[in-house]
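Undergrad: Dumping the structure here so I can ask a few things about it.
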């Protein structure tokens, strides 16, 4: 089965090199906030689970938990019966260093409560803010294939977290909206330009380039379709006008006869009957000598006047 565009973006983001020593912590903090489940088994005794359907994201989470906090982890690979895809469950068992790590990651407050928003200490620098957004997308991000409609979203469990993500994007000039979906909050982008700015900001440069290519293709396709539609409309208009002129010619010939008409009108009638699909401009170019569109229009108006006189 071909990988989805979201999966391709996550694969690229999982391998982005951090710009500073704090970027990895910001990425892990967002991932744990969005994909993690915290369990309390007594005062100050915690264990945690992080679930993801991306092997690259699972490897990243395990590497960061080990590297930043020396936490023990257990990995279980499960396969969805419904979707036939693997799911990775990272279990962080109860251990002395976990509570301090959760506070450092902005999951727990200093008094042991849950942090609802984004801890300012995690996103002091622009590269940290980009890293946090990168982790949020790795956790619950979705982006539609740019060959179809542009759509981007990140799901957050609290309004405070959704507003925090929205604020981080706004710092880079990316305008996101929030919509509640059942018990969660969706931070979403609909503009192709905004989505590309987000991808470039968080480090998915290949995905951003692919989106730009698809946007150019769509623009060219739309331009071609507009030209074709305009040409078809012009052809229909010309055909309708030519049909009306031929009906008018029949009426004039019935009333006056061909030989009694001025030579200029005789020439126009010959051309129109021989070229029923041609525009007036084209008939003028076929005339000998060539005539301007204004001169051809004058002959049409003269025939119209004669037809009206004949029918009155």
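Undergrad: For 27, 85, 73, which order do you get if you count the other beta carbons within 10 Å of each Cβ and list the fewest first?
TA: Taking fewest neighbouring Cβ atoms as first place, the list is 85, 73, 27.
Undergrad: Using only alpha carbon pairs under 8 Å that are at least six residues apart, calculate the relative contact order of the chain and give it in whole percent. Don't skip to the answer; put the middle values down first.
TA: Numbers: 414 pairs, mean separation 44.0, N = 312.
Relative contact order here is 14 percent.
Undergrad: How big, on average over all directions, is the shadow cast by the Cα convex hull of the range 39-116, in nm²?
TA: That works out to 5.9 nm², a quarter of the Cα hull's surface.
Undergrad: With each pseudo-label sitting 7 Å past Cα toward Cβ, what's the residue 190-residue 292 distance in nm, one decimal?
TA: About 5.0 nm, to one decimal.
Undergrad: What shape does the range 79-207 have by the C-alpha gyration tensor, where a ≥ b ≥ c are the square roots of the eigenvalues, rounded means a/c under 1.5, and otherwise prolate means a/b greater than b/c and oblate the rest?
TA: The shape class here is oblate.
Undergrad: Now for a separate question. Report relative contact order for the range 34-90 in percent, whole number only (criteria: Cα-Cα under 8 Å, sequence separation at least 6).
TA: Details: 70 pairs, mean separation 17.8, N = 57.
It rounds to 31 percent for the range 34-90.
Undergrad: Assign one of three labels to the range 183-257, namely rounded, prolate or oblate, based on the Cα gyration tensor with a ≥ b ≥ c the square roots of its eigenvalues; rounded applies when a/c is under 1.5, prolate when it is not and a/b is larger than b/c, and oblate otherwise.
TA: It comes out prolate by the Cα gyration axes.
Undergrad: Measure of size requested: the Rg and Dmax of the range 219-311, with Cα atoms as the atom set and Å as the unit; please supply both.
TA: 15.7, 56
Undergrad: What is the helix-to-structure angle for 205-256, meaning the angle in degrees between its Cα long axis and the longest Cα principal axis of the chain, kept from 0 to 90 and rounded to the nearest 10?
TA: Here the helix axis deviates by roughly 20 degrees.
Undergrad: Convex hull over the alpha-carbon atoms of the range 164-212: what's its volume per residue in Å³?
TA: Measuring per residue, one finds 79 Å³ for the Cα hull of the range 164-212.
Undergrad: Further question on the same structure: Could you work out the equivalent-ellipsoid semi-axes for the chain, taking the square root of 5 times each eigenvalue of the Cα gyration tensor, largest first, in whole Å?
TA: Equivalent-ellipsoid dimensions as semi-axes: 74, 17, 16 Å.
Every number in this text was worked out from the coordinates using simple rules, so none of it is lab data. For clarity, every value in this text was computed on a predicted model and none was experimentally measured. Glycine also receives a Cβ, built like all others from the backbone with ideal geometry; neighbour counts cover every protein chain displayed.
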